[in-house]
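Bear in mind that the values in this text are calculations on the coordinates, not laboratory data. Treat the numbers as computed from the prediction; the structure is a model and nothing was measured. Every residue, glycine as well, gets a Cβ built from its backbone with ideal geometry; the counts of neighbours run over all protein chains shown.
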Amino acid sequence: MKKKINRIYIFGGTASGKTTLAEKISKITKIPFYTTDEFVYKKDWINKYSDKQRDFMLKKTANKKKWIIEGVHRGDWIFPAFKKADFVIILDLPRRILLKRVISRYLKRKIKNAEKKENWKDTFLLLKYAYIYKKDNLIFHKQFVHDYKKDCIILKNKNQINNFLSNLK
């Protein structure tokens, strides 16, 4: 990246590595990161904020001078942040990787919380979202980039992600 970038928006499917990438970029650049899930879900990750609360929190964050926001969400509510982004990253990993990661997360949680019953319905829903990303939100995310003429990079595998991170240092 040649020009100074202070606001980065990261899109990607379920289990594509959005949060991990945001954390790594944040560590290198010292720019704080946020996930769109933080604006949607309360701390228990079950109950949701009202649309008004969600929109307020996102706009408040979008007005900061520096941020990294990552998420799979689409819709008008993300536009206040998306419009202010200096740079967009789209993670477009192979579907098999996303599905493998969702299953791996489920199994790790099941082992870690053996006494707590894991909800297969939630995992099935995440598998569904990971599977349909390329035919659903990815199309919208690419269209947002095109319509708003955003500088963007699409990263399709681990090597591209690592090269991108190396170039940030």
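With the simple model of a label 7 Å out from the Cα in the direction of the Cβ, Y131 to K42 spans 3.2 nm. Each of H141, H146 was scored by other Cβ atoms within 10 Å of its Cβ. Listed from fewest to most, they are H146, H141.
Given R₀ = 25 Å, what would the calculated FRET efficiency be for I153 paired with K27, taking r from the Cβ atoms and rounding to 0.05?
Details: r = 19 Å, r/R0 = 0.75.
After rounding to 0.05, the efficiency reads 0.85.
Between K100 and D122, the simple label model (points 7 Å from Cα in the Cβ direction) yields a spacing of 2.5 nm.
Each of L91, Y106, I5 was placed along the dipole of the chain (beta-carbon charges, centred on the mean Cα), and the one lying farthest toward the positive end is I5.
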